[in-house]
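Below is one structure, written out as structure tokens; comments come after it.
The values are calculated or read from the model by the stated rules, or taken from the named source; none is laboratory data. Note that the coordinates shown come from a computational prediction; the quantities given were computed from them, not determined experimentally. In this analysis, Cβ positions are derived from the backbone assuming ideal geometry, glycine residues included, and neighbour counts consider all displayed protein chains. These accessible areas exclude ligands, DNA and RNA; they are computed on the full protein's heavy atoms, side chains included. Shrake-Rupley method; radii C 1.70, N 1.55, O 1.52, S 1.80 Å.
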Amino acid sequence: MHQPNLFPRLSTLAKLYAADCWVVLDDVQFTRRDFQHRARLAALEDPRQQQWLTLATHLPRGRQSRISEARIVDPVLSRKKVGLLLRQHYGRSPHWSTLEAVIAPVLDLLTVDGRTAVIAETSTRLLLDLLGWRGPVVRSSAYSARDGRSERLADLAREVGADTYLCGTGGARYLRRAPFDEYGIGVALFRPPACGGAWTGAREISVLWALATYGPQHLAGLLRGGSTA
């Protein structure tokens, strides 16, 4: 389970890839300092050089707005800026044509659907498709769940028929196992490899850098055999 992220980090994509089903948390509070509307791009030649790619987003209820309520500000201008910035960073990659096939539908969607969550979710879905993941994707807003953090996750896991909840390192700081125990659902802690290569900056920068540098076949192989839970 994870919020929709715009061109997500490799660590996030690896966790989704390791799961059988992705529950998109689209009805939790929107956080401007998170990755729902932005991604950190790394320079092709030097991943230490980084720049934020941000979708200007309006929150109709201020800080209380849910992710599903967020809306893109000036979709036409956003489309132009996003397209230029991504080409500037990765247009010289030998894998650019493959990346462009993922990026183009996201750019088109910017002017068709103004919901930030849909744009972010679509960018992740397309990347998962590119890397060969074929699991179902559902949205938390389609189900009823309790309000508590752990209770909510346990309820959603039960709703989709899960026998194990895959928990990232961030969620592990607050997760209570008791609600999962009530349903007989296990909890597995997910940690992506901490080595270099394609995993460089995996917790910080968008997976687009790894794809542009190493290509989808190499990355798919890493995700199939290199993620740990």
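Normalise the Debye intensity by I(0) for segment 1-86, one equal point scatterer per Cα, no solvent, then take log10 at q = 0.14, 0.18, 0.20 Å⁻¹ and round to two decimals.
-0.57, -0.90, -1.04
Using a 1.4 angstrom probe on heavy atoms only, work out the carbon and sulfur share of the accessible area of segment 131-210 in %.
Working: 1820 of 4090 Å².
Carbon and sulfur atoms account for 45 percent of the accessible area of segment 131-210.
Calculate, in whole percent, how much of the Cα-Cα pair population of the chain lies beyond 30 Å.
Numbers: 5954 of 26106 pairs.
Tail of P(r) above 30 Å: 23 percent of Cα pairs.
Protein chains only, probe 1.4 Å: how do K81, K15 rank by accessible area, largest first? It would help to have the intermediate numbers written out before the result.
On the way: K81 125, K15 25 Å².
Per-residue accessible area, sorted high to low, gives K81, K15.
Round to the nearest 10 and give me the degree value, 0 to 90, for the angle of helix 149-159's Cα axis relative to the longest principal axis of the chain.
Result, in degrees: 90.
Loop sites only, by DSSP: take the GluC sites (Glu not before Pro) in the chain that have at most 16 other C-beta atoms within 10 Å and name the longest stretch containing none of them.
Here the longest segment lacking exposed loop sites spans 46-203.
In Å, what is the Rg of the alpha-carbon atoms in segment 35-164, and how long is Dmax?
Spelled out, the Cα radius of gyration and Dmax of segment 35-164 are 17.0, 48 Å.
So what is the accessible area of segment 55-136 per residue, in Å², with the probe set to 1.4 Å? It would help to have the intermediate numbers written out before the result.
Working: 4120 Å² over 82 residues.
Per residue, segment 55-136 has an accessible area of 50 Å².
Just to verify a number: FRET efficiency for Q88 and E45, C-beta to C-beta distance, R0 = 22 Å, to 0.05?
Working: r = 13 Å, r/R0 = 0.58.
For Q88 and E45, the calculated efficiency is 0.95.
Residues with beta-carbon under 14 Å from that of R87, excluding R87: net charge, scoring Lys, Arg +1 and Asp, Glu -1? Numbers along the way, then the final one.
Working: positive: R79, K80, K81, R92; negative: E100.
It works out to a net charge of +3.
If I fit a long axis through the Cα atoms of helix 96-110 and take the longest principal axis of the Cα atoms of the chain, what angle between them do I get, 0 to 90°, rounded to 10?
70
Considering only DSSP beta bridges whose two residues both sit in the chain, what percent are antiparallel, to the nearest 5? Walk me through the intermediate numbers first.
Values: 11 of 19 bridges.
In the chain, DSSP labels about 60 percent of beta bridges as antiparallel.
Jot down the per residue volume, in cubic angstrom and as a whole number, of the convex hull over the alpha-carbon atoms of segment 44-107. Mind dumping the intermediate values first?
Working: hull volume 6.8 nm³, N = 64.
Taking the convex hull of the Cα positions in segment 44-107, it is 107 Å³ per residue.
Summarise the long-distance tail of P(r) for segment 148-229 by giving the % of C-alpha pairs beyond 14 Å.
Details: 2228 of 3321 pairs.
Considering segment 148-229, 67 percent of its Cα-Cα pairs are separated by more than 14 Å.
Please report, in Å, the Rg and the Dmax of segment 99-190, where both are computed over Cα atoms only.
16.0, 46
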